[in-house]
Amino acid sequence: MSNTHWTLAARAAKMNPSVIREILKVTERPGIISFAGGLPSSKTFPVAEFEAACAKVLRDDPAGALQYASSEGYAPLREQVAAMLSEQAAAQGQHWDVNPGNVLITTGSQQGLDLVAKVLLDKGSRALVESPTYLGAVMAFVPMEPDVVSVASHDEGIDVDDLRAKAQGHDARFLYVLPNFQNPTGRTMSEAGRAALSATAADLGLPLMEDNPYGDLWFDTPPPPSLTARNPDGGIYLGSFSKVLAPGLRMGFIVAPSAVYPKLLQAKQAADLHSPGFNQRLIYEVSQDGFLARHVPTIRALYKSQRDAMLHALAQHFPDAATQPEQSLTWNSPAGGMFLWARLPVGMNAVDLLPHAVDKGVAFVPGAPFYASEPDARSIRLSFVTPSVEEIHRGVAALAAAIKEQQGR
């Protein structure tokens with residue numbers, strides 16, 4: 001019998017299991033149609049291209065690919081990221097000359113959130129977030145023991161008056177935002193909303209942390225120019241290869257101004273020395289010769305068809321949504337991304353509904369965990385990208401049956 005006494009750090013008490021990860025365990029039951037996961041469709045993974053890239057990397061540079069490497073990341077990949085962002089900004093009428101020296105390759109954009117939290121947050125300092133916001137970001141911030149504060153948000157973007165009230169006179173270190181096809185709501189910040197937010201943040205001297213994992217997944221028209229492109233010295237930009245290539249490679253990047261880049265690099269060195277050099281080379285090789293320009297439109301087309309299937313199914317099973325919104329499920333129509341945001345009828349609670357929905361064979365994510373404060377118990381997140389069209393129709397029918405039964409109770 002051991003007499004060892006483990007004393008946990010105070011911050012460990014603030015770490016909790018991901019609510020979404022726990023819910024995803026439920027969806028592993030056979031026969032469950034899952035609208036819960038934030039997983040890209042495996043149909044979009046370019047397996048043949050990765051197979052060819054793997055052979056090329058091991059043939060041309062096995063020593064470099066399998067050896068320790070620089071913490072900043074594989075130089076050709078950093079140059080590729082810088083060129084890609086600069087070209088995108090130019091195509092949208094913005095001048096953002098991204099220097100590869102400001103690009104840091106990370107082990108998924110989730111690591112980027114962790115590094116920024118370590119570098120910018122102190123105990124008791126203020127981290128501002130949208131309402132609702134990405135749960136994984138809050139989980140990355142919480143171990144630094146900040147005060148995570150929600151800023152009122154709407155379909156156009158951030159309520160800038162509420163932002164001023166929450167930022168002024170407080171030790172606010174940054175505002176974290178997902179302007180494009182946001183997780184969890186699927187909404188996109190308008191051009192007017194971005195202009196107002198950028199101007200307000202600049203006036204306040206408040207850094208913006210712009211997370212953009214879904215920006216390439218637009219259905220009909222690309223979203224407005226990025227926030228960081230408008231004020232590169234006032235923002236940190238996080239990007240990811242997970243949604244356009246493969247999440248299992250865990251590859252993302254940060255673009256940070258020189259004022260904070262060295263400290264982010266030092267935090268990266270302390271965390272894992274560097275992201276896997278082999279994976280970085282795979283990403284670089286697969287992305288050559290305009291592959292992403294050919295590949296990403298196929299993802300958009302697939303996800304758009306599945307979004308349309310979900311919208312059609314919802315309209316079919318909830319015909320009173322427009323005329324009796326308080327007695328029906330209501331929902332938005334995202335212009336891209338992977339998620340749709342819905343709201344249950346008055347008096348219902350998403351957490352209470354979930355086990356009944358699972359009994360009917362369908363799963364979703366309750367929306368409450370995505371709120372840093374004042375959660376909406378009626379909200380739910382529905383992902384439309386992994387089920388088939390046929391499964392979407394069956395799943396929505398099962399959800400409708402569960403809601404109807406709960407209303408009857």
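The values are calculated or read from the model by the stated rules, or taken from the named source; none is laboratory data. On a predicted model such as this, the values are computed, not experimentally measured, just so you know. No Cβ is skipped: glycine too gets one built from the backbone with ideal geometry, and neighbour counts run over all protein chains shown.
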**Q.** Tabulated pairs, segment 141-156, first on the phi > 0 side of the Ramachandran plot and outside the structural domain of A267 (by TED's automatic domain parsing), second assigned to a helix (DSSP H, G or I) and surrounded by fewer than 16 Cβ atoms within 10 Å (Cβ to Cβ), C-beta under 7 angstrom, 6+ apart or interchain
**A.** none
(Q) Cβ-Cβ distance below 6 Å, separation of 6 or more or different chains: which pairs start in segment 293-317 with a residue that is at pLDDT 95 or above and end on one that is acidic (D, E)? (A) V296/D216
Q) Within segment 271-288, how many residues are more than 19 Å from L85 (Cβ to Cβ) and surrounded by fewer than 18 Cβ atoms within 10 Å (Cβ to Cβ)? A) 3
Q: Name every residue in segment 205-258 that is farther than 23 Å from I283 by Cα and among the acidic types (D, E), in order of residue number.
A: D220, D233
Q) Does Y237 qualify as being within 25 Å of L264 (Cα to Cα), in contact with an Asp or Glu (Cβ under 8 Å, 6 or more places away or on another chain) and touching a residue at least 60 places away in the same chain (Cβ under 8 Å)? A) yes
**Q.** Complete set of residues in segment 360-409 that are among the acidic types (D, E), modelled with pLDDT under 95 and assigned to a helix (DSSP H, G or I)
**A.** E405
Q. Restricting attention to segment 221-238, does a residue exist that is under 21 Å from P76 (Cβ atoms), assigned by TED's automatic domain parsing to the domain that holds G108 and buried (at least 20 other Cβ atoms within 10 Å of the Cβ)?
A. yes
Q: Among the helices (runs of 4 or more DSSP H) lying completely within segment 215-333, list those that include at least 1 residues that are closer than 30 Å to A402 by Cα.
A: 291-317
Q: Would you check if G186 is farther than 27 Å from A12 by Cβ, in contact with a Lys or Arg (Cβ under 7 Å, 6 or more places away or on another chain) and buried (at least 21 other Cβ atoms within 10 Å of the Cβ)?
A: no
(Q) If P62 satisfies all but one of (1) over 16 Å from G277 (Cα atoms); (2) not assigned by TED's automatic domain parsing to the domain that holds L245, what's the number of the condition it fails? (A) (1)
Q. Taking segment 146-161 as the search range and keeping residues that are at pLDDT 95 or above and not in a strand (DSSP E or B), which one is surrounded by the fewest Cβ atoms within 10 Å (Cβ to Cβ)?
A. D161
Q.
Among (1) part of a helix (DSSP H, G or I); (2) under 26 Å from W218 (Cβ atoms), there is one condition A357 misses while meeting the rest; what is its number?
A. (2)
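Table: residues versus (1) free of Cβ contacts under 8 Å to residues at least 24 places away in the same chain; (2) assigned by TED's automatic domain parsing to the domain that holds H274; (3) in a helix (DSSP H, G or I).
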{"position": "P17", "(1), (2), (3)": "yes, no, no"}
{"position": "A48", "(1), (2), (3)": "yes, no, yes"}
{"position": "L77", "(1), (2), (3)": "no, yes, yes"}
{"position": "A89", "(1), (2), (3)": "no, yes, yes"}
{"position": "G93", "(1), (2), (3)": "no, yes, no"}
{"position": "V98", "(1), (2), (3)": "no, yes, no"}
{"position": "L104", "(1), (2), (3)": "no, yes, no"}
{"position": "S109", "(1), (2), (3)": "no, yes, yes"}
Q. Taking segment 1-52 on its own, how many of its residues are over 27 Å from G290 (Cα atoms), modelled with pLDDT of 85 or more and surrounded by 10 or more Cβ atoms within 10 Å (Cβ to Cβ)?
A. 5
Q. Taking segment 359-409 only, how many residues are in contact with a His (Cβ under 7 Å, 6 or more places away or on another chain) and small (G, A, S)?
A. 3
Q) Mind checking which residues of segment 162-191 are in a loop (DSSP other than H, G, I, E, B) and either of a type in the set (S, T, N, Q) or more than 26 Å from S333 (Cα to Cα) (or both)? A) Q168, G169, H170, D171, N180, Q182, N183, T185, T188, S190
Q: Could you tell me which numbered condition A55 fails, if it satisfies all but one of (1) under 24 Å from V244 (Cα atoms); (2) at pLDDT below 95?
A: (2)
Q) What is the number of the single condition among (1) crowded, with 23+ Cβ neighbours inside 10 Å; (2) farther than 18 Å from P184 by Cβ that A89 does not meet? A) (1)
